[in-house]
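The values are calculated or read from the model by the stated rules, or taken from the named source; none is laboratory data. Bear in mind the structure is a predicted one, so any value in this text is a computation, not a measurement. We place every Cβ from the backbone using ideal geometry, glycine too, and count neighbours over all the protein chains shown.
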Amino acid sequence: MTTLKPYLAAFAFLLILGCAKQTVEKQHYFLPVTDVTEQSSDSLRPLLKVSEVQLSDFLDSDGLVLQLDDITLNQAKNHVWAEDLHRQIDRGLRQRLNQQQQQFTVVGPQSTADLSLSVEIHAFHARYDGLALTSGQWQLKNKQGEIQLLEGFDFTAKLTEPGYPALVRALGQNLDKLSAQIAEELHQLQQK
């Protein structure tokens, strides 16, 4: 806990500084993307459609979210997502899943596919103890709409330094973990 004290103090200082200044310029953030490698378009692989990600109401806004204590959330006014968070997570999941598994070709929500992946995100924010939280559940359905897999997830990543850029990078790490979990389950599903 003593190693977190400097981060907590710096984090509190950033919050106070943000409240004290009246003419603060907005900072815009994108989730980190993975290194995009060319993937062969194997038409023999089944398609996996990633449906639009559903976010909890408190996340469905422009501002990054900070949990100040066990019951208080704060949406940043000057530290905002550069693009709709749904779109960033959708695109990030597709990129990561196409890189992490070879059983399926992962496509967007407009496509017709053999399987459909839907994701609900309940937490995608920073917590007062210096952790980035990502939790929720995902489900995989076949063409007939029958659930093939239903899994929960709860990931944390430690902020490597204080500030919003570190938070965004840590949330990107959690997205890496989520896509790795899904890729592993897809692999096991194909083995059955």
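Residues of segment 127-143 that are within 12 Å of the chain's Cα centre (by Cα) and within 16 Å of V168 (Cα to Cα): A132, L133, T134, S135. Residues being surrounded by fewer than 20 Cβ atoms within 10 Å (Cβ to Cβ) and either more than 14 Å from the chain's Cα centre (by Cα) or of a type in the set (S, T, Y) (or both) are entirely absent from segment 83-97. The residues of segment 107-139 that are hydrophobic (A, V, I, L, M, F, W, C) and within 13 Å of T156 (Cα to Cα), listed by number, are A123, F124, A126, L131, A132, L133.
Only one entry in K158, K192, K177 is modelled with pLDDT under 95 and on the phi < 0 side of the Ramachandran plot, namely K192. Of all the numbered requirements in (1) under 19 Å from K49 (Cα atoms); (2) in contact with a Gly (Cβ under 7 Å, 6 or more places away or on another chain); (3) not charged (D, E, K, R), L159 misses one, and that requirement is (1).
Matching residues to (1) free of Cβ contacts under 8 Å to residues at least 60 places away in the same chain; (2) assigned to a helix (DSSP H, G or I):
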position: S61; (1), (2): yes, no
position: V65; (1), (2): no, no
position: D70; (1), (2): yes, no
position: Q75; (1), (2): yes, no
position: N78; (1), (2): no, no
position: E83; (1), (2): yes, no
position: R87; (1), (2): yes, yes
position: D90; (1), (2): yes, yes
position: Q95; (1), (2): no, yes
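Once segment 20-68 is narrowed to residues that are of a type in the set (S, T, Y), more than 17 Å from G92 (Cβ to Cβ) and out of contact with any Ser or Thr (no Cβ under 8 Å at 6 or more places or on another chain), the residue that is modelled with the highest pLDDT is S56. Every condition in (1) at pLDDT below 95; (2) closer than 14 Å to G172 by Cα; (3) not hydrophobic (A, V, I, L, M, F, W, C) is met by Q103 except one, and the failing one is (2).
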